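Structure record follows, encoded as structure tokens.
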Amino acid sequence: MAQQQQISLPAKLINGGVAGIVGVTCVFPIDLAKTRLQNQRSGQQIYKSMMDCLLKTLRSEGRSGMYRGAAVNLTLVTPEKAIKLAANDFFRHQLSKDGKLTVFKEMLAGCCAGMCQVTITTPMEMLKIQMQDAGRIAAQQRVMPNVATALKMGGTSAVLCRSYNTNPGPVMRLSATRITRELLKTKGFSGLYKGLGATLMRDIPFSVVYFPLFAHLHQLGRPSPEGPAPFYWSFMSGCLAGCVAAVTVSPCDVVKTRLQSLKKGANEETYNGIVDCVRKILKKEGPGAFLKGASCRALVIAPLFGIAQVVYFVGVGEILLGYTPHNIYSS
């Protein structure tokens, strides 16, 4: 068993990386909508819903705008997903006795995997959010003069939508390299890890919920205790477990996104840590603000992890390394 685990670990790293690349490519526009919906404040809504956000982004920024920040995500998602999935397998193997795990140990393995992945997740999310949110900030800056006039005349924030549609305008081009350089220059290496605490607060509970839930759902589809589940069952188990875990930690994701957004729109407050962020959101926007983008996040995470489990089932890493596909079930 230990020898199989050692042999299959490089393959698991490849599987996690391939799954991350495929998944991100498929769902990135929805992730962009999630970030913009989470960052817009009450009374300054430019987007009414996910579809409204996607349509306005496509209209004003073109197809490339839908994938703003995708390059850095695709670059770093390989090590991020590889670490997350492989670390969970590793800790499950270390904690198991005769191939069996208690629910507590499954949760502990997921917790350790979540702690490992933030070394990559935090800077990746930090850079991605700046690029994803640039279009929203530019749109808000264009319409704020109209908003001020409307408010003086007793109007509402609906003017945001009208102004956005009638005057698209250009969006400043950002690059991950430029943002990284500026962060290193002004804040040092720690600048790339802004929001680390909030990232841990999101990713550890996510892994604690996701991995045990997936393991139990996946087990239900196996024809025998030793046999593999069909690939479609792996996909559905990954989707369902990912959806539940994503919605569960959505409030933490909102806090993380707000803390990691360096450039604010007009009249948008800054936050001094997690507690201050939670307090200000509750006071100014109410509890419902913590569920902003929850449906988008579920739509992103569900297929992302469903795809990941199918890649594991197929054994892409094992095939590339010349191993037999059965190694995928070694842990």
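What the table shows:
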| item | result |
| --- | --- |
| Single condition residue 233 does not satisfy, out of (1) within 25 Å of residue 129 (Cα to Cα); (2) open to solvent by 40 Å² or more (accessible area, probe 1.4 Å) | (1) |
| Residue 298 being within 22 Å of residue 18 (Cα to Cα) and either touching a residue at least 40 places away in the same chain (Cβ under 8 Å) or surrounded by fewer than 23 Cβ atoms within 10 Å (Cβ to Cβ) (or both) | yes |
| Of all residues making up region 41-85, the number that are at pLDDT 90 or above and among the acidic types (Asp, Glu) | 1 |
| Residue satisfying all of: in region 310-323; of a type outside the set (Phe, Trp, Tyr), open to solvent by 20 Å² or more (accessible area, probe 1.4 Å) and in a helix (DSSP H, G or I); nearest to residue 23 (Cα to Cα) among these | 310 |
| Residue that is surrounded by the fewest Cβ atoms within 10 Å (Cβ to Cβ) [pool: residues in region 156-209 that are aromatic (Phe, Trp, Tyr) and modelled with pLDDT of 65 or more] | 189 |
| Condition check for residue 106: acidic (Asp, Glu) and more than 15 Å from the chain's Cα centre (by Cα) | yes |
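The values are calculated or read from the model by the stated rules, or taken from the named source; none is laboratory data. Small disclaimer: the values here were computed from a predicted structure and weren't measured. Counting neighbours? That spans all protein chains shown, and the Cβs are built from the backbone with ideal geometry, glycine included. Just so you know, the surface numbers come from the protein's heavy atoms only, side chains and all, with ligands and any DNA or RNA stripped out. Shrake-Rupley method; radii C 1.70, N 1.55, O 1.52, S 1.80 Å.
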